[in-house]
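The block underneath contains the structure these notes are about, expressed in structure tokens.
The values are calculated or read from the model by the stated rules, or taken from the named source; none is laboratory data. Just so it is clear, the model here is predicted, and its values are computed rather than measured. Positions of Cβ are generated from backbone atoms using ideal geometry, with glycine treated the same way; all protein chains shown enter the neighbour counts.
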Ligand code: NAD
Ligand code: UD1
């Protein structure tokens with residue numbers, strides 16, 4: 001297939017482009033590079049031997065999106081990663097998030113429709129489950145959000161549901177990611193956030209490389225085995241392959257959790273990272289982070305049954321590849 005990947009230069013997008021190319025697909029990337037670096041394209045070529053077509057542009061600009069479809073007439077489907085994802089920033093700048101994520105998606109969908117391309121895989125998030133009453137979480141759990149970033153994911157899901165209901169030609173698969181971590185085995189691709197990271201694994205990586213003094217664990221008084229928050233960490237290469245499976249099975253509206261089905265606490269992650277990399281991670285216990293839930297992990301059964309999706313990489317793989325990437329790439 002010829003696939004347009006929006007946000008394909010970013011963390012999950014770049015790993016997915018590699019997996020798609022390795023599975024024989026032709027790729028066109030549209031990215032405005034607001035949270036990624038153009039050098040990633042060379043890394044993709046180094047890994048796969050093939051350079052994806054790239055157009056710099058913004059999904060909010062109709063002419064940028066039209067330009068992609070007018071240049072590449074035969075696009076079969078879109079995988080839509082382009083979006084802003086920082087929860088804290090979304091609380092400070094909600095209009096930026098609604099504009100970039102929601103208005104951008106509507107513009108993309110209008111252009112797709114006008115060019116007769118009505119097949120899309122969308123990057124949603126486990127954040128749409130809010131604070132789940134029980135775990136593991138299945139796709140039919142009630143949806144809610146606690147911040148503007150989460151609201152953008154929920155609203156875009158609804159837009160895609162409405163679109164599929166209005167026109168049977170549309171196929172939309174919503175993938176709800178749990179917590180993607182890790183890096184490509186080559187150490188050429190990975191997550192490299194600017195400044196102080198919000199998420200656990202990038203923070204651990206910066207502490208491990210001596211860029212930050214110690215990890216601040218947000219609360220040890222949750223109702224969990226060791227009191228720290230529990231999440232479903234999934235290797236980004238496993239997650240990437242989920243898109244390759246999903247794109248081949250587009251058929252009406254589909255919704256899948258992409259997780260491992262296993263929850264690990266913050267302290268489990270610290271211990272696993274120390275063991276995998278034979279290092280010591282200094283940490284302290286801080287108060288809970290507002291908006292955090294105690295436990296969230298997936299029931300991945302539906303994705304396994306319908307897509308044949310199964311995460312195969314271990315927690316050790318996640319910790320080892322994260323550190324190897326950080327050592328090579330954190331300046
Ligand atoms: P990322 O920031 O690394 O990648 C996003 C890419 O989209 C970047 O390359 C950025 O430059 C581009 N982009 C942003 N706005 C754009 C716009 N208006 N026009 C064109 N390009 C634009 O983030 P990621 O971690 O790879 O996440 C990809 C998607 O997955 C996002 O939609 C995110 O919300 C979603 N998601 C991520 C996580 C996670 O933990 N990383 C979890 C759940 C869902
Ligand atoms: C966060 C977002 C979520 C988003 C997801 C992926 C919040 C409230 N939620 O999820 O909307 O979809 O990232 O981008 O921001 N932790 C620490 N110290 C740290 C960082 C994290 O102890 O420095 C703990 C957290 O309290 C949590 C766990 O580590 O228990 C994982 O945190 P994080 O990586 O931020 O992911 P989520 O909170 O699951």
For segment 248-281, name all the residues that are in contact (Cβ under 8 Å) with a residue 12 or more places away in the chain, closer than 13 Å to residue 205 by Cα and part of a helix (DSSP H, G or I). 269, 270, 272, 273, 276, 277
Search result, residues across segment 1-39 that are assigned to a helix (DSSP H, G or I), more than 16 Å from ligand 2 (Cβ to nearest atom) and more than 23 Å from residue 69 (Cα to Cα): 22
Answer yes or no as to whether residue 79 is in a strand (DSSP E or B), within 14 Å of ligand 1 (Cβ to nearest atom), in contact (Cβ under 8 Å) with a residue 12 or more places away in the chain and under 17 Å from the mean Cα position of the chain (by Cα). yes
Pick from 45, 37, 50: which is without any contact (Cβ under 8 Å) to a residue 12 or more places away in the chain and either within 9 Å of ligand 1 (Cβ to nearest atom) or on the phi < 0 side of the Ramachandran plot (or both)? 45
Taking segment 59-76 and keeping residues more than 10 Å from ligand 1 (Cβ to nearest atom) and either touching a helix residue (DSSP H, G or I) at 6+ places or on another chain (Cβ under 8 Å) or within 24 Å of residue 248 (Cβ to Cβ) (or both) leaves 62, 66, 68, 69, 72, 73, 74, 75, 76
Which residue out of 143, 175, 108, 163 is closer than 22 Å to residue 35 by Cβ and out of contact with any strand residue (DSSP E or B) (no Cβ under 6 Å at 6 or more places or on another chain)? 108
Checking residue 167 against (1) modelled with pLDDT under 95; (2) loosely packed, with under 15 Cβ neighbours inside 10 Å, only one condition comes out false. Which one? (1)
